Amino acid sequence: MFLKSLQIIGFKSFAEKTHLEFNNGITALVGPNGGGKSNIVDAIRWALGEQSARILRADKMEDLIFNGNEDRPRSNFAEVEITLVTENSILPVEYNEISITRRLYRSGESEYLLNKNPVKLKDINVLFMDTGVGKAAYSIIGQGKIDQMISEKPEERRIIFDEAASITKYRARIREYESKLADTREHLTRIDISLKEKEKQYNLLKNQAERTNLYFAISETMKNAEIDYDLYKIQKFKNEKEKVDSRLVQLTRDIDSLSEDVNKIAEEINSITGIIKSREYDATQMEKNTITLEGKISTATNRLLIFRENINDIGQNIVISENRSRETAARLERFQAEIMRLEKEITENTGKIENFLAQNQALILKKTGLETEIEKLREEIHNRKRRNFEIDNMRSSLEEKHKIIINELIQELDNLKNAVSSQKAAGDEERQKLGIMGGRLKELSGFLKNIDFSALSGTDFSARKDEITSLLAEFCTASESFIDLSSGIIGKKDPFQELVFSAEGAYAKKEEIDASLLSLDAEKTQNAENIDSMEKLVRTHQKSIEDHNAEAGRNEVQMAALNENLRISDKTRTEHLKEAEACREEIAKIDSGLKDLAARRQELENKIIEEG
């Protein structure tokens, strides 16, 4: 595989379309510095998929597009097309000659073409993988590349060796498969998390299903109980119906008895007719009577039939009305039972709501108390922090005074040191004089002890006397000077003692400032501890308030549900009351109808008796 041609448009310094042919053998590009030789290599590298602007000697990809000059306007895109001739099917394509094209627009959009067909950058990288050609392959070795390869780490050199050994593709596949495997593991982790969530939902739904099944079982039991109760009512209605039927049988028997009486009347009429026929002399009169009687009999018979039919219809209507009355009464009982249950439920829910309202009121009072205490604690914390700030300011002021007093104390110590040195020098001088005088006194004492006054003559005694008098005068002077010096030293106060124990001295002021600093530090420490404890108490109160708010929220949710239940129950109760009232009205109408039917039947029975 070798490079056949290169076409550049708008890339770096190539403003116009530039076409380069690479024939067999070695092709060399010769030109001065800045002529664009390296831009050709950059163009090849860029077309093969290089993504780093730094490697292409640019700050950003937009810099690769020709930016214009005084003679030419800038280009809106850059395009590089390279043509490669393949041999021995080194590339996984069916063509012996392929062209790779890359375009970049100023809007930032880019595209890759393989034989004029759009492809992805990944397709380009896969195409040249393990061929030695590519953005990071060893086919393009620039200036300093060999030194860089030698100085690179083994891991970085390994990339070139892998490319030369044709195993880059497999390593890329391994990385891709590892990435997919990591994605699969992450997906499995998400599936496990989702599975656990689904298990929690399953357990929750399972519990709800069990409760639902229990509800259905209880509902089925209640339904069976209602059915048993309705069967009991039906049996009771059947017994009442049997009583009514027996009464109807009795009435039917009475009607049959009346029919027998009518038959007897008819027989008597027949006998009377025979008598009338036997009496020929009264034939005409009897015929008239017979016709009249037969008309009456026919009319009476027809009326009896009508009365029987009316009685039967009245009996059927009575049975139907009684059945309707019993059904309506049963419905009324069910409605009343349901109304009582709903009223009980409404009372219970109202009590629960009142309890929740009382709990929320208590929580509001607790919350208000905690908020008041929190405000007090925050105010106290603010005051203590402000006091600590004041303490810091006071401490800074006292530290400044402390430094000044320390400097004054050091100055006084230096002055005291100089004064003590002067006094020491004066004392040493006086002591030296006293030592000399003491030596002279010893000599005088020894001299006086050794004088033999009896052997002295008048002249010698007078000379010795003058000498002794002079020595005594000198001794007295030295003694007086020593006594004055000693009195001055003894009578003078100790300067160190005066410095340390003087109430107005610098050391006393220092001690007072040290005590004030210790007191301020103790107060600040105590304030910090109190602030910490109060802040903990504030956090505890805030946590309690949050708990109260959460509990109040739960109570509000439960009260909303109870209010909804109350609304539904009250609506259902109102509907049941209306239906119960309708049942009562229907029962009243049925009872009125039964009374009318009973009166009508009694009237018909009376008429049957009268007709008989």
Could you pull out the residue among LEU304, LEU363, LEU293 that is out of contact with any strand residue (DSSP E or B) (no Cβ under 6 Å at 6 or more places or on another chain), surrounded by 13 or more Cβ atoms within 10 Å (Cβ to Cβ) and modelled with pLDDT of 80 or more?
LEU363
Any chance ILE314 is touching a Leu at 6+ places or on another chain (Cβ under 8 Å), at pLDDT below 75 and over 30 Å from THR525 (Cβ atoms):
yes
Where a residue in the range 44-62 is within 11 Å of ARG102 (Cβ to Cβ) and surrounded by fewer than 20 Cβ atoms within 10 Å (Cβ to Cβ) and its partner, wherever it lies, is at pLDDT below 85 and among the charged types (D, E, K, R), with Cβ under 7 Å and at least six apart
GLY49/LYS135; GLU50/LYS135
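Results for (1) more than 24 Å from LEU127 (Cα to Cα); (2) charged (D, E, K, R); (3) at pLDDT 85 or above, shown as yes or no for each residue.
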site	(1), (2), (3)
GLY36	yes, no, no
ASN76	yes, no, yes
GLU79	no, yes, yes
ASN96	no, no, no
Residues of the range 374-431 satisfying the condition of being under 30 Å from ASP514 (Cβ atoms), among the β-branched types (Val, Ile, Thr), open to solvent by less than 70 Å² (accessible area, probe 1.4 Å) and at pLDDT 75 or above:
ILE381, ILE391, ILE405, ILE406
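The values are calculated or read from the model by the stated rules, or taken from the named source; none is laboratory data. Predicted, not measured: the structure shown is a model, and the values here were computed from it. All Cβ positions, glycine included, derive from the backbone under ideal geometry; neighbour counts span all protein chains shown. Note: areas computed on protein heavy atoms with side chains; ligands, DNA, RNA excluded. Shrake-Rupley method; radii C 1.70, N 1.55, O 1.52, S 1.80 Å.
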